[in-house]
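First up is the structure itself, then whatever we jot down about it.
Each value in this text was obtained by applying a stated rule to the coordinates, not by laboratory testing. For clarity, every value in this text was computed on a predicted model and none was experimentally measured. Note that we place each Cβ from the backbone using ideal geometry, even for glycine, and neighbour counts take in every protein chain shown.
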Amino acid sequence: MSESARPLDGTVALVTGASSGIGEATAIALAEAGAAVAIGARRRDRLDALGTKLRDGGARVLQLDLDVTDEQACAAAVARTRQELGGLDVLVNNAGVMLLGTIVGADTEDWRRMLHTNVLGLMYMTAAAIEGMVEQGSGDVVNISSVAGRTARKGAGVYNASKWAVNAFSESLRQEVTGRGVRIGLVEPGAVATELSSHITQPAAKQASQESAASMRTLQAADVARAVLYVVTQPRHVAVNEVLVRPTDQER
């Protein structure tokens, strides 16, 4: 992207779950568009590698050891971003886990992990950021949901529930702050080539997820990052509240 086509020059973004996949690709896209970027995740080695890559590209970067299930850590991440990078204009709530599996016979620890990360973690980060955005009269919160937040399927019940919660929370918040200059965006990817399926603990569910992905040309993380960039680079009077992006080959 040329210097003359950097729509996010002078802005500051914070991306959670930035150590891989959609989060990493989004941090790169935002930095290439001119933003200073705070990158948060639990895997420090991955953050180090991404931080080096972004700095080599000329970006201002803040690395944050961040577990979004820790409410105090979320508040501290937002505070450090504002203090060290000079503000916060874009929050991308990307951190999440996809522990697919049946409800009958489930390990309920998988449920806790999904709800703590996908729902409470996103809420904690939003709570930490939103008041400052309202005070400054501008800002973007982009929540990474899923097609699973729109279509419930057998074998994905609690993951579905977590993403439906994200969608409902996002719409309620949108109504609350849209008159105060703050935009709430929701990006809902279909099947994406990331490591998420490798973390599934039910063997049959893991196999089914991997076979489904192998049956199509999946989205790449950069495809989703472009959707995020589209949302946050619109003129301030334009709010793109929802983007559903599936692989061409995906039926539902």
Item to complete: Note down the Stokes-Einstein diffusion coefficient of region 39-98 in µm²/s, whole number, using a Kirkwood radius over alpha carbon pairs, 10 °C, and 1.306 mPa s.
Response: 129
Item to complete: Please report the orientation-averaged projected area of the chain, defined via the convex hull of its C-alpha atoms, in nm².
Response: 12.9
Worksheet entry | Cβ-defined net charge surrounding Ser197, 14 Å radius [Lys, Arg +1; Asp, Glu -1] | -2
Practice prompt. Only bridges with both residues in the chain count here: give the DSSP antiparallel percent, nearest 5.
Written response: 0
Discussion item. Which order do the peptides 15-23, 234-242 come out in when sorted by mean C-beta neighbours inside 10 angstrom, highest first?
Written reply: 15-23, 234-242
Item to complete: Using the number of other C-beta atoms within 10 angstrom as an exposure proxy, rank Tyr124, Tyr230, Tyr159 with the fewest first.
Response: Tyr230, Tyr124, Tyr159
Worksheet entry | For region 25-126, Kirkwood radius (reciprocal of mean inverse C-alpha pair distance, Å) | 14.7
Worksheet entry | region 117-183: radius of gyration over Cα atoms, expressed as a fraction of 2.2 N^0.38 Å | 1.21
Worksheet, complete the sentence: Looking only at lysines whose Cα falls under 17 Å of Lys154's and that sit 8 or more positions away or on another chain, we get Lys163, Lys206
Item to complete: Convert 25 °C to kelvin, take the viscosity as 0.890 mPa s, use the Kirkwood radius over C-alpha pairs of region 168-249 as Rh, and evaluate the Stokes-Einstein diffusion coefficient in µm²/s, rounded to a whole number.
Response: 167
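What's the ranking of 111-118, 98-105 by average number of surrounding C-beta atoms within 10 Å, highest first?
Result, highest mean Cβ count within 10 Å first: 111-118, 98-105.
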Worksheet item: Sorted from fewest to most neighbouring beta carbons within 10 Å, what does the list Lys53, Lys163 look like?
Response: Lys53, Lys163
Worksheet entry | Cleavage-rule hits, GluC sites (Glu not before Pro), region 135-231, DSSP coil, Cβ neighbours within 10 Å at most 16 | Glu195
